[in-house]
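Quick notes on the structure that follows.
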Amino acid sequence: MPLLSTRKNDKKVKVTFGNGLLFVEKDNGKQQAFPLEWFPELQKATDEEREDWTQTDKGLHFNKLNLDVLI
């Protein structure tokens, strides 16, 4: 039987926004930057909407926006 965890402490990436970019820093220290123009929903989102995300097997899911970002 698989164990599931939804604790926010289990996130293995750090997500920040700045200068029109979405930055994703992985636990190994490597960082990727994505232009927010690729994700109009994120570009127009409030800070609260941007901060409510969960990590998935393939990337990030922004819960309040119902938006997936593959990383």
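Every number here is computed from the coordinates shown, using simple stated rules; none is lab data. Please read these numbers as outputs of a predicted model, since none were measured by experiment. Backbone-built Cβ (ideal geometry, glycine too); neighbour counts: all protein chains shown.
Extension gain Asn66-Trp38, at 0.36 nm per residue separation less the Cα-Cα distance, in nm?
So the chain would gain 8.5 nm between Asn66 and Trp38.
Measure off 7 Å from each Cα along the Cα-to-Cβ vector at Thr56 and Gln31, then give the distance between these two points in nanometres to one decimal.
Between Thr56 and Gln31, the simple spin-label model gives 2.6 nm.
Mind checking which aspartates and glutamates have their Cα closer than 14 Å to the Cα of Lys64? Skip sequence neighbours fewer than 8 apart in that chain.
Qualifying aspartates and glutamates at Cα under 14 Å: Glu41, Asp47, Glu48, Glu49, Glu51, Asp52.
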